[in-house]
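See structure below.
The values are calculated or read from the model by the stated rules, or taken from the named source; none is laboratory data. Only a predicted model underlies this, so the values are computations on that prediction, with no experimental measurement involved. So basically every Cβ, Gly included, is an ideal-geometry build from the backbone, and we count neighbours across all protein chains shown. Note: areas computed on protein heavy atoms with side chains; ligands, DNA, RNA excluded. Shrake-Rupley method; radii C 1.70, N 1.55, O 1.52, S 1.80 Å.
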Amino acid sequence: SHFRLATSLVIAVNVLLLVACGGLSAGSGSKTPEAVILASSTLNFGTVAVDSNPTLSNSIVNNTSSPVTIASIVGSGSGFYITGVPLPQVVAAGQTIPFSVQFQPTVPGAPSVTISFDNQNAQPIVSLSASATAVLAGVLSLSPSQIAFGSVPVGSGQPGTVTLSNSGTSDLSIN
């Protein structure tokens, strides 16, 4: 009789747990969270030449059941800029909004920035981290800049030596 009582209690507790947890799940598939997310929350531009303008694509995905309004984008700077999101931007439930992040370095360095997409109350909806390393472009220099060959008969050659050097901070390829 104690055994039946203990078994009944175990069954009752398990039923309560199933009810509290929302029941059983069929399969092992994952459910999309109810949130506004970015396709990528971290962007790394790698090594970029100063005065270049690389662009990476991204998107905002509204996985909630109601629209959200992006009223401002905060944190752009240090050469990082968001394009393709006119403000204010309403993102409907289930909608995906593509946008681009541009990096326009003007000086060498390794900037990083957190860019936040904020609602009308200046509260972040979602944030993105961006980083890059900006370097001076390779600069090809010749030494000497001129070579005097003197009189060279047609059909013959005169040797001359020129040294090529890279005075920039990134590699150069000569094709």
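Counting protein heavy atoms only, segment 36-170 has 54 percent of its accessible area on carbon and sulfur, 1.4 angstrom probe. The relative contact order of segment 64-122 comes to 50 percent, based on Cα pairs under 8 Å that sit 6 or more residues apart. Taking amide H as placed 1.01 Å from N in the peptide plane, Ala134 has its amide H under 5 Å from the amide H of Val48, Gly109, Ala110, each at least 5 places away in sequence or on another chain. Per residue, the convex hull spanned by the Cα atoms of segment 64-166 measures out at 166 cubic angstrom. Across segment 69-81, computed HN-Hα scalar couplings (Karplus, 6.51 cos²θ - 1.76 cosθ + 1.60, θ = phi - 60°) run 10, 8, 9, 8, 10, 10, x, 4, x, 6, x, 9, 9 Hz from first to last residue, x flagging Gly and Pro. Summing charges over neighbours of Leu136, with a neighbour being any other residue whose Cβ is under 12 Å away from its Cβ, gives -2 when K and R count +1 and D and E count -1.
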